[in-house]
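Peer 1: Here you go, one structure.
All of the numbers you see were taken from the coordinates with simple rules; none came from a lab. All figures in this text were calculated on a predicted structure; none of them were measured in a lab. All Cβ positions, glycine included, derive from the backbone under ideal geometry; neighbour counts span all protein chains shown.
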Amino acid sequence: MKLRTFYHLSKWALVLDCVFVLTVVSALCTWLYFNTIWGAVLLLPGLISLFKGVEIHSTLPKRYKAWRDLVNENMHAISHESFRPYITAPCGRALAIDVLSEINQPDTYKDLKDRYYNGFWGKDTESHITIIEYSKEDNVHECNQ
């Protein structure tokens, strides 16, 4: 596995590892220099990021297999549909970016993201506004009888 591929597949796990280290250092400094229990409270976000980082690191072989499959499938012609399951999550988008770089098609990422990524909160595909048009022949009082 190339270093670039390892970095792209593990980028978010490495970010969570850094968050863990920063929160542990902050907790220790708070506890040692200020002699307060608040240092222990600061460990909570660090522990959460540690567990999530370990979870992401543990899926590296699975993500690398998906990377190889995508590279093999899209080497000669890009199948946009093959990238659909990976565009929704940050780790999957990093995987797609690296696959596209590997097959020398990095400009295709924008098209994939426009097609399949719904944003953090999701895109509205339908309008929630309903327009009702009444004509003079409609008898509104029929419902009340």
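Peer 1: Over segment 66-121, what is the relative contact order in whole percent, taking alpha-carbon pairs under 8 Å and six or more residues apart? Don't skip to the end; give the middle numbers.
Peer 2: Values: 38 pairs, mean separation 20.2, N = 56.
The value is 36 percent.
Peer 1: Could you pull the Rg and Dmax for segment 7-87, using just the Cα atoms, both in Å?
Peer 2: Looking at segment 7-87, its Cα Rg and Dmax stand at 18.9, 62 Å.
Peer 1: May I ask you to derive the relative contact order of segment 1-115, considering only C-alpha pairs under 8 Å and at least 6 residues apart, and to give it as an integer percent? Don't skip to the end; give the middle numbers.
Peer 2: Working: 100 pairs, mean separation 31.7, N = 115.
Over segment 1-115, the number comes to 28 percent.
Peer 1: Still on this model: Where the eigenvalues come from the Cα gyration tensor of segment 50-121, what are the semi-axes √(5λ) of the equivalent ellipsoid, largest first, in whole Å? List each step's numbers first, then the result.
Peer 2: On the way: eigenvalues 89, 51, 16 Å².
Whole-Å semi-axes of the equivalent ellipsoid: 21, 16, 9.
Peer 1: For a label point 7 Å from the Cα of His80 along Cα→C-beta, name the residues of segment 95-117 whose backbone N is under 15 Å from it.
Peer 2: 107-117
Peer 1: Could you tally the net charge around Glu102, taking each other residue with its Cβ under 13 Å from the Cβ of Glu102, Lys/Arg +1 and Asp/Glu -1?
Peer 2: Net charge around Glu102: 0.
Peer 1: With Cβ to Cβ distances under 14 Å as the rule, what net charge do the other residues near Tyr64 carry (K, R +1; D, E -1)?
Peer 2: With Lys, Arg at +1 and Asp, Glu at -1, the net is +4.
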